[in-house]
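These notes are about the structure you will find just below.
The values are calculated or read from the model by the stated rules, or taken from the named source; none is laboratory data. Since we're looking at a predicted model, the values are computed, not measured. Positions of Cβ are generated from backbone atoms using ideal geometry, with glycine treated the same way; all protein chains shown enter the neighbour counts. Please note that ligands, DNA and RNA were not included when accessible areas were found on the heavy atoms of the full protein model with its side chains. Shrake-Rupley method; radii C 1.70, N 1.55, O 1.52, S 1.80 Å.
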Amino acid sequence: MGNERKWRRWRLFIVTGVAVAGFLFSSSSASQLDQQKEPQPVVSRIAFGSCANQDTPQPIWNSIVNFDPQVFIWLGDNIYGDIRRPFKLLGRERTVGPWKNVPRFVPSSKQEMMLKYKRGKTIPGYSRLRQRTKVIGTWDDHDYGLNDAGKEFTEKATNQKLLLDFLDEPLDSPRRKQHGVYASYMFGPIGKQIKVILLDTRYHRDPMFSDGTILGAAQWTWLERELKGPESAVTIIGSSIQVISNLSATTRPLFYLESWGRFPKERELLFKLIADSKRNGVFFISGDVHFGEISRFDCGVEYPLYDITSSGLTQAVERVLPRPLQFVVRFLAWVTPSTMRVMESNCRYKSCTFGQPNFGVVEIDWDAIPVRLKMEVRDANGVAVVGVNVSLSSLRPGNSEYLSNSNTGKYHRHCLLEVSLGWIVRHRLAILFYSTLTLLLIGSLGTAYVATLACRSCIRKCKRD
């Protein structure tokens, strides 16, 4: 009898405990669900940039902070980690010319990379931005570890950890377990969601001139899943190298630029993947080239695809020349054919490129009817130098404005690849360069000849006297 009472007492105690635990668990679960149901803040201001040398002053962060972005996106060359040897045409170590015998760029040690990342992360202006803004990003070649490097680079796994530390990536993040730093993010409430897809164009990339792969099989599978996943009002695809521009087709053989245009099969696959996903509001942001511009392609999907290139925060093509000669860079940018570049009357320069330090912005007016997208490249003072302002409804398959303008041929130039231009037009930059060089050479020889004749005449006259 006593044992039965004890058993009843214990059973009552166990039942009561289970009930209390169940109540606490249900309360905790309900609390978590309530937190998940809490509306996400609307994101309307995004900034992005690339190419920031940690050893160079970076006053541009003041303008980025003043823009007050809710998200900032690194697009690569977040630091310059590799070692650049000086130009040397002659000597024991020649770094340029067809007779060069040593590479111009060499990788740094792990300790040197760590110090450079630390220096870049603690720059005062960037530190202020980190305190108030969500910072995400990918890498390009110089923070990957070596100029123009791809999958052959042996220190990529080590440097992946250093980049993710720089970005304050959580220790349990999937990015720390995968091969490559590609990632995706979703911001904002339902109906006003922004999806950001960041690609890794280094870890799996085949050698240049191979027309092989940029992303690698695993990343392509992941990207297809991301594009065909839950819908979003806006989808931003971040690529460290330009996606739409095919500028290398018109600058060779003087120099080449890394871009998706150098891997035409991969770029065609990317456009097809976007088209098949039927995803609205897709556009690209990119860096790498040390100037800012906006490109557009009308024949990739059923609406215009834009690529806003911002490069760089410190590195810029005009800075390689003294100020009095910077107009030469602007003239060459204007004379170089680029059928994809967006040419607007409100561009600061006639070429609609900008070769001084710059950053990119995306502003979304969710209250406008229809919703408006402003995509700009801004200078170090925060002033727009090139930009476009489009309705979000124009970035969806089958929109009437796009179809009518396509039928009338208004945007025909944005379907013409530079590789399809005539030989003379495509190579006019090289023709201009070599013609100028030839004229200078002839002029120098002519001047030397005239000077020689004048000296001989003077000597004869002196002898007669």
Failed item in (1) at pLDDT below 90; (2) outside any helix (DSSP H, G or I); (3) open to solvent by less than 60 Å² (accessible area, probe 1.4 Å), with CYS352 passing the rest:
(1)
Give just the number: which of (1) assigned to a loop (DSSP other than H, G, I, E, B); (2) open to solvent by 20 Å² or more (accessible area, probe 1.4 Å) does VAL289 not satisfy?
(2)
Does SER444 meet the test of being at pLDDT below 90, part of a helix (DSSP H, G or I) and small (Gly, Ala, Ser)?
no
Counting only residues in the range 58-108 that are polar (S, T, N, Q) and surrounded by fewer than 17 Cβ atoms within 10 Å (Cβ to Cβ), the one nearest to VAL361 (Cα to Cα) is identified as ASN66
Listing of strands (runs of 3 or more DSSP E) fully contained in the range 173-268 that carry 2 or more residues being open to solvent by less than 10 Å² (accessible area, probe 1.4 Å)
194-198, 234-239
The number of residues in the range 156-172 that are aromatic (Phe, Trp, Tyr) and either surrounded by fewer than 21 Cβ atoms within 10 Å (Cβ to Cβ) or more than 24 Å from SER127 (Cα to Cα) (or both) is 0
Going residue by residue through the range 112-135, is there one that turns out to be in contact with a helix residue (DSSP H, G or I) (Cβ under 6 Å, 6 or more places away or on another chain), polar (S, T, N, Q), touching a residue at least 24 places away in the same chain (Cβ under 8 Å) and under 26 Å from MET375 (Cα atoms)?
no
Checking the condition part of a strand (DSSP E or B) and either over 25 Å from THR201 (Cα atoms) or among the small types (Gly, Ala, Ser) (or both), which residue from SER295, SER311 passes?
SER295
Unique match (being in contact with a Leu (Cβ under 6 Å, 6 or more places away or on another chain) and of a type in the set (A, V, I, L, M, F, W, C)) among PHE153, PHE166
PHE153
Given the condition in a loop (DSSP other than H, G, I, E, B) and either under 30 Å from ILE190 (Cα atoms) or modelled with pLDDT of 95 or more (or both), answer yes or no: does some residue in the range 115-129 qualify?
yes
Being assigned to a loop (DSSP other than H, G, I, E, B) and charged (D, E, K, R) is the filter here; which residues of the range 41-72 pass it?
ASP55, ASP68
Selection from the range 130-154 of residues assigned to a helix (DSSP H, G or I) and open to solvent by 70 Å² or more (accessible area, probe 1.4 Å) yields ARG130, GLN131, ARG132
Against the conditions (1) in a helix (DSSP H, G or I); (2) under 26 Å from TRP74 (Cβ atoms); (3) in contact with a Ser or Thr (Cβ under 9 Å, 6 or more places away or on another chain), where does LEU273 fall short? Just the number, please.
(3)
